[in-house]
1. When region 48-64 is examined, which residues are found to be touching a residue at least 24 places away in the same chain (Cβ under 8 Å) and in a helix (DSSP H, G or I)?
2. Considering (1) at pLDDT 95 or above; (2) more than 16 Å from the ligand (Cβ to nearest atom); (3) under 30 Å from residue 209 (Cα atoms); (4) touching a strand residue (DSSP E or B) at 6+ places or on another chain (Cβ under 8 Å), say which one residue 80 fails and leave the rest.
3. Filter region 189-218 down to residues that are under 12 Å from residue 9 (Cα atoms) and buried (at least 16 other Cβ atoms within 10 Å of the Cβ), then give me how many there are.
4. Does residue 44 fit the bill of being away from the ligand (no atom under 12 Å from the Cβ) and in contact with a strand residue (DSSP E or B) (Cβ under 8 Å, 6 or more places away or on another chain)?
5. In region 174-182, is there at least one residue being within 15 Å of the ligand (Cβ to nearest atom), in contact with a strand residue (DSSP E or B) (Cβ under 7 Å, 6 or more places away or on another chain) and modelled with pLDDT of 95 or more?
6. Going by the conditions given, is residue 52 over 18 Å from the mean Cα position of the chain (by Cα), surrounded by 12 or more Cβ atoms within 10 Å (Cβ to Cβ) and within 16 Å of the ligand (Cβ to nearest atom)?
7. Give the residue that is surrounded by the fewest Cβ atoms within 10 Å (Cβ to Cβ), with candidates limited to residues of region 12-41 that are part of a loop (DSSP other than H, G, I, E, B) and more than 8 Å from the ligand (Cβ to nearest atom).
8. Which of the following residues is under 13 Å from residue 7 (Cβ atoms), within 12 Å of the ligand (Cβ to nearest atom) and crowded, with 21+ Cβ neighbours inside 10 Å: 121, 131?
Ligand code: C5P
């Protein structure tokens, strides 16, 4: 029998990661945060001085890079980069690297391998459309721009980052615009995904609702 795969897509700040993690825990499944993988690679390439442009050199570097995940941490060539990947700086550069076909190709198999071990809840931008087109259930999770910016702003303040609400709002709108309009694997709702607007729901309500949806559809 095929493993159960719950594919969750949606724009920045929709609460996908925290919700997906809890849904996975409650259902006894693994959790795959694909944004963390893109962030880790963008952080690494940027720190190494690679511009987000296709080149034979980038292809060669990517063929040698080892990205791995373990216990909620992400490693590049064995080095734990988890602490560095959620900064406003990485927020502002990640989409340019994620739009590169070479980068997406490099990360595709890593993501699919995670579903070979057992059931999985995976969140990102192209889970239902590209990475897991045969997922057991697909969910498109979103909320209004201002609600998403408020949630993201709070997370950043809790982490000690000094950033204004307006800056966060502008940043997530830019990122969504870029992610939705790139040529390869753009952010969009899969035709067979269930649309969930969480603007007026608490996190627990969203988790309960998704757990119910998965049970009903699997
Ligand atoms: O989900 P998160 O906000 O951490 O994702 C960071 C960025 O990584 C996104 O804005 C997008 O550019 C990229 N990403 C992607 N495909 C995914 C997951 C993330 O392009 N499946």
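1. Filtering region 48-64 for residues touching a residue at least 24 places away in the same chain (Cβ under 8 Å) gives 52-54, 58-59, 62-63.
Result: 58, 59, 62, 63.
2. That leaves (3) as the condition not met.
3. 5
4. On the way: away from the ligand (no atom under 12 Å from the Cβ): yes; in contact with a strand residue (DSSP E or B) (Cβ under 8 Å, 6 or more places away or on another chain): yes.
Yes, satisfied.
5. No: region 174-182 contains no residue that is within 15 Å of the ligand (Cβ to nearest atom), in contact with a strand residue (DSSP E or B) (Cβ under 7 Å, 6 or more places away or on another chain) and modelled with pLDDT of 95 or more.
6. Numbers: over 18 Å from the mean Cα position of the chain (by Cα): yes; surrounded by 12 or more Cβ atoms within 10 Å (Cβ to Cβ): yes; within 16 Å of the ligand (Cβ to nearest atom): yes.
Here the answer is yes, as residue 52 does meet what is asked.
7. At the first step, the residues of region 12-41 found to be part of a loop (DSSP other than H, G, I, E, B) are 12-15, 28-29.
From what's left, more than 8 Å from the ligand (Cβ to nearest atom): 14-15, 28-29.
Values: 14: 26, 15: 24, 28: 8, 29: 20.
Checking each candidate, the answer is 28.
8. Testing whether each residue is under 13 Å from residue 7 (Cβ atoms), within 12 Å of the ligand (Cβ to nearest atom) and crowded, with 21+ Cβ neighbours inside 10 Å leaves just 131.
The values are calculated or read from the model by the stated rules, or taken from the named source; none is laboratory data. Given the structure is predicted, the values throughout are model-derived calculations rather than measurements. Neighbour counts are summed over all protein chains in view; Cβ atoms, including those assigned to glycine, are modelled from backbone coordinates with ideal geometry.
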